[in-house]
Amino acid sequence: MQPKVMQSLRYTLQPAVRDISVEWNLPDGVSVTTLSPPLKVLFHGQRALLYAQLKGESTGNPEGSVMIQYSLLEETVKNQLSFCLKPTGDTGVSLHRLGARALIRSLEMEERAGGPEAKALREKLLPLSLQSGVSCTHTAFIAIHKASGQTVQGPLLHRTVPTRGMILRGMGPSVAMRCSAPMAPMARMARKACMPAGQMNKMPFCGSKSLTDPLLQLISLQKASGSWDMDSSVANVLGKTDDQLANMMPKGVDKAVWATLLALLWLYGFQLEARDEWQFVAMKAASWIQAQKVGCVPQCVQAGNALLGCQVQQETLGF
């Protein structure tokens with residue numbers, strides 16, 4: 001769950017597409033009906049499909065176009081797509097059903113909101129669902145017996161499908177479980193594999209990560225400004241001594257800058273698989289270093305790589 005939350009937070013910090021508008025340019029005799037709900041904002045990593053239905057017949061130019069206009073980073077962007085009103089081949093029913101589904105979902109949202117138009121929306125949903133073959137909240141698929149043509153009656157029954165046996169290895173013979181269609185033997189075997197409650201209470205509790213994790217230790221040592229102090233706690237996380245950190249520090253470099261650079265190098269060099277957990281920590285540290293206007297960053301990065309035994313490029317750190 002934590003990586004997903006961090007990913008969503010990262011998306012919200014990225015520039016978003018706003019003020020989205022769609023403009024159609026169609027020949028005389030052709031009109032357009034928007035099937036998708038209005039799109040207000042689109043965040044980084046998201047995508048949207050806009051469905052529309054064209055009605056009528058053009059006697060003149062068979063060409064049309066649609067232009068999407070939106071704002072990104074305080075700039076107005078326009079994208080135009082031209083299309084032919086007379087397709088060369090059969091487009092099939094898949095695209096039409098997708099458009100019908102988009103309209104059905106939009107109407108269902110309006111119906112759930114309530115109001116005096118709920119009954120009219122339901123009367124519109126029923127024929128649309130039946131004609132398109134897309135189910136809605138008021139329709140459902142019914143099984144029909146091919147021979148008699150009658151609907152299948154009776155409650156739903158669970159049918160067990162036989163499967164090949166599978167042995168779960170890595171256990172002793174007494175607790176090995178054989179997975180097959182009958183579930184009763186598995187239940188008996190599971191009870192046999194359980195230990196008594198008294199012994200279970202004596203087992204060590206395996207909870208969430210504690211501060212013994214070097215990554216969490218380093219994150220907890222970061223100051224509100226985004227920097228780290230060069231002390232023994234940071235040295236222990238990096239697996240070095242205070243003297244090693246001091247001896248490898250380039251001349252004229254502030255201790256906090258040196259410690260922050262080492263922390264960034266350690267994160268990118270040894271904790272890259274957990275980047276979702278510390279990416280905002282690194283962004284804050286990189287912004288702090290940039291604000292210090294350090295002139296010997298390349299020398300610090302080179303010395304830090306030599307000290308920690310990693311090979312992280314300066315561009316990777318974000319400055």
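For the range 28-79, the strands (runs of 3 or more DSSP E) that sit wholly inside it and include 2 or more residues that are of a type in the set (A, V, I, L, M), closer than 30 Å to Ser8 by Cα and over 23 Å from the mean Cα position of the chain (by Cα) are 63-72. The single condition among (1) at pLDDT below 95; (2) assigned to a helix (DSSP H, G or I) that Ala303 does not satisfy is (1).
Sub-7 Å Cβ pairs linking a first residue in the range 269-291 that is assigned by TED's automatic domain parsing to the domain that holds Ser220 and basic (Lys, Arg) to a second residue that is surrounded by 14 or more Cβ atoms within 10 Å (Cβ to Cβ) and at pLDDT below 90, at least 6 apart or interchain, number zero. From the list Leu50, Leu9, Leu35, Leu42, the one residue that fits, being surrounded by 11 or more Cβ atoms within 10 Å (Cβ to Cβ) and touching a Ser or Thr at 6+ places or on another chain (Cβ under 6 Å), is Leu50. Residue-level analysis places Ala100 among those that are at pLDDT 90 or above, over 30 Å from Gln14 (Cα atoms) and surrounded by 11 or more Cβ atoms within 10 Å (Cβ to Cβ). Would you say Ser233 is among the hydroxyl-bearing types (Ser, Thr, Tyr), surrounded by fewer than 15 Cβ atoms within 10 Å (Cβ to Cβ) and touching a residue at least 12 places away in the same chain (Cβ under 8 Å)? Spelling it out, Ser233 is indeed among the hydroxyl-bearing types (Ser, Thr, Tyr), surrounded by fewer than 15 Cβ atoms within 10 Å (Cβ to Cβ) and touching a residue at least 12 places away in the same chain (Cβ under 8 Å). Every test in (1) aliphatic (A, V, I, L, M); (2) closer than 27 Å to Glu110 by Cα; (3) not in a strand (DSSP E or B) is passed by Leu9 save one, and that test is (2). One residue stands out among those in the range 80-134 that are over 27 Å from the mean Cα position of the chain (by Cα) and polar (S, T, N, Q): the one that is nearest to Glu63 (Cα to Cα), which is Ser82. Filtering the range 84-129 to residues that are within 30 Å of Pro27 (Cβ to Cβ) and in contact with a Lys or Arg (Cβ under 8 Å, 6 or more places away or on another chain) leaves only Leu107. Number of residues in the range 54-97 that are exposed (fewer than 10 other Cβ atoms within 10 Å of the Cβ), aliphatic (A, V, I, L, M) and either touching a strand residue (DSSP E or B) at 6+ places or on another chain (Cβ under 6 Å) or under 29 Å from Ser132 (Cβ atoms) (or both): the value is 1. Within the range 103-117, being assigned to a helix (DSSP H, G or I) and surrounded by 12 or more Cβ atoms within 10 Å (Cβ to Cβ) holds for Leu103, Ile104, Arg105, Ser106, Leu107, Glu108, Glu110, Glu111. Listed conditions (1) touching a Leu at 6+ places or on another chain (Cβ under 9 Å); (2) surrounded by 14 or more Cβ atoms within 10 Å (Cβ to Cβ) are all met by Arg275, apart from (2). When Ala120 is tested against (1) closer than 29 Å to Arg18 by Cβ; (2) loosely packed, with under 15 Cβ neighbours inside 10 Å, only condition (1) is not met. Against the test of being modelled with pLDDT of 95 or more, assigned to a helix (DSSP H, G or I) and more than 23 Å from Gln311 (Cβ to Cβ), the options Ala263, Ala256 yield a single qualifying residue, Ala256. In the range 129-143 there is at least one residue that is of a type in the set (A, V, I, L, M, F, W, C) and either in a helix (DSSP H, G or I) or in contact (Cβ under 8 Å) with a residue 60 or more places away in the chain (or both).
The values are calculated or read from the model by the stated rules, or taken from the named source; none is laboratory data. Everything numeric here is computed off the predicted structure, so don't read it as measured data. Glycine also receives a Cβ, built like all others from the backbone with ideal geometry; neighbour counts cover every protein chain displayed.
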